[in-house]
1. Please verify whether the range 163-185 includes one or more residues that are touching a residue at least 60 places away in the same chain (Cβ under 8 Å) and under 30 Å from Ser30 (Cβ atoms).
2. Taking Lys206 and the conditions (1) on the phi < 0 side of the Ramachandran plot; (2) assigned to a loop (DSSP other than H, G, I, E, B), which numbered condition does it fall short on, given that it satisfies the others?
3. Taking Thr150, is it away from the ligand (no atom under 14 Å from the Cβ) and at negative phi?
4. If I filter the range 59-71 for residues that are in contact with a helix residue (DSSP H, G or I) (Cβ under 6 Å, 6 or more places away or on another chain), modelled with pLDDT of 95 or more and more than 13 Å from Leu99 (Cβ to Cβ), do I get at least one hit?
5. If you check Leu120 against the conditions, is it within 16 Å of the ligand (Cβ to nearest atom) and among the hydrophobic types (A, V, I, L, M, F, W, C)?
6. Looking at (1) under 21 Å from the mean Cα position of the chain (by Cα); (2) hydroxyl-bearing (Ser, Thr, Tyr); (3) within 20 Å of Phe309 (Cβ to Cβ); (4) more than 16 Å from the ligand (Cβ to nearest atom), can you tell me which one Ser185 breaks?
7. Could you check how many residues of the range 1-52 are within 25 Å of Asp108 (Cβ to Cβ), of a type in the set (Gly, Ala, Ser) and not in a strand (DSSP E or B)?
8. So in the range 46-67, with the set limited to residues that are touching a residue at least 60 places away in the same chain (Cβ under 8 Å) and over 16 Å from Gly10 (Cβ atoms), which one is surrounded by the most Cβ atoms within 10 Å (Cβ to Cβ)?
Amino acid sequence: MTYSRITGTGGYLPEKVLSNHDLEKMVDTSDEWITERTGIKKRHLVSDDQTTCDLAEQAVLGAMEMAGKAADDIDLIIVATTTPDQIFPSTACLLQKRLGVHGSAAFDIQAVCTGFVYALGVADKFIRTGAARCAVVVGAETLSRIVDWTDRTTCILFGDGAGAVILEASDEPGILSTHLHADGSYESLLTVPYGISNGLDKVLEKEAFINMKGNEVFKMAVNTLGRIVDETLEHNQMEKTDVDWLIPHQANIRIIQATARKLKMSMDHVVVTVHEHGNTSAASIPLALNEAVRDGRIQRGETLMLEAFGGGFTWGSALMKY
Ligand code: COA
């Protein structure tokens, strides 16, 4: 049986940092409020001339180096992003050119904060079926471009960044299962209601911003993430105690703590990076994974549970042996 296995990870955060104290000068908020309600202390923002593809490229180069892979080895590129550089080519195709890869499949996936888990699920299926042997899977976002910096209810939450993995065919597990879900009927709770085909004028006037009913999103996220953890363990006939590391989407420390409580997991086994970069949407899980792999917390053979929830609503999980 062929599994897909992570052989390299990478992450990149842009240099520019916006702290909670910086935000105090922009909107009516405080470091204390943001820290208590979200756990976020700072976020990284792209400069005017940086794009999603720039961030993705840096993250992927790190992952390729760790995996010992060259451009010729790669036969699939998937970029999860809500903030692509251009309408087309896809960010994955732009990235393919930067990496010097020719002829591989390359496409974007848009599932907002669940994007990386969706991309991982798709890449896993390519590899299991023999359609690919070495995939680049990236979550990359420049969310700062769709944040209303005068809206204190949203601007404190989001940041820019990218995280990536190299996923390779292997006889050893690997990804055990992925679980992807969506329910579009919740569109109004979390949305940027404009785009190319609907309200292009708002996009051009730079008025296409994240709109969110935070409190309702919070409750849905906590309940849904608890359910998906149960679904994932049941599917694999595993117990909560079998999971070594929870690597959650980094949106809010209180959502992360609530999921950890449901798993009866001590926070010592939960990878938390939300304080460093806020909610970077599709980039947040691979950024957290990369940090814990590189600092030696996550060891080969350990069992990892990845889970995410985001606009759509979309939600998903991946259980794997690292
Ligand atoms: N600074 C200070 N006060 C703020 C504020 C800010 N940045 N943002 C909102 N407030 C105020 C509100 O106006 C409200 O004031 P009021 O009681 O006078 O009306 C009060 O704080 C409480 O607002 P509420 O929205 O109930 O707070 P909350 O505890 O739900 O926290 C979020 C708000 C956004 C932090 C929280 O709901 C959340 O994280 N939701 C999930 C968001 C998310 O993760 N989205 C992405 C999913 S992938």
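1. We begin by selecting, within the range 163-185, every residue touching a residue at least 60 places away in the same chain (Cβ under 8 Å); these are 163-184.
Now drop any that are not under 30 Å from Ser30 (Cβ atoms), which leaves 163.
Within the range 163-185, one or more residues are touching a residue at least 60 places away in the same chain (Cβ under 8 Å) and under 30 Å from Ser30 (Cβ atoms).
2. Among (1) on the phi < 0 side of the Ramachandran plot; (2) assigned to a loop (DSSP other than H, G, I, E, B), the lone unmet condition for Lys206 is (1).
3. Considered against the rule, which asks whether it is away from the ligand (no atom under 14 Å from the Cβ) and at negative phi, Thr150 comes out as no.
4. no
5. Working: within 16 Å of the ligand (Cβ to nearest atom): no; among the hydrophobic types (A, V, I, L, M, F, W, C): yes.
For Leu120, the condition - within 16 Å of the ligand (Cβ to nearest atom) and among the hydrophobic types (A, V, I, L, M, F, W, C) - is not met.
6. Ser185 satisfies all of (1) under 21 Å from the mean Cα position of the chain (by Cα); (2) hydroxyl-bearing (Ser, Thr, Tyr); (3) within 20 Å of Phe309 (Cβ to Cβ); (4) more than 16 Å from the ligand (Cβ to nearest atom) except (1).
7. Residues meeting the conditions: 1.
8. Val46
The values are calculated or read from the model by the stated rules, or taken from the named source; none is laboratory data. From a predicted model like this one, the values you see are computed outputs, not experimental measurements. Note that each Cβ is placed from the backbone with ideal geometry, even for glycine, and that neighbours are counted across all protein chains shown.
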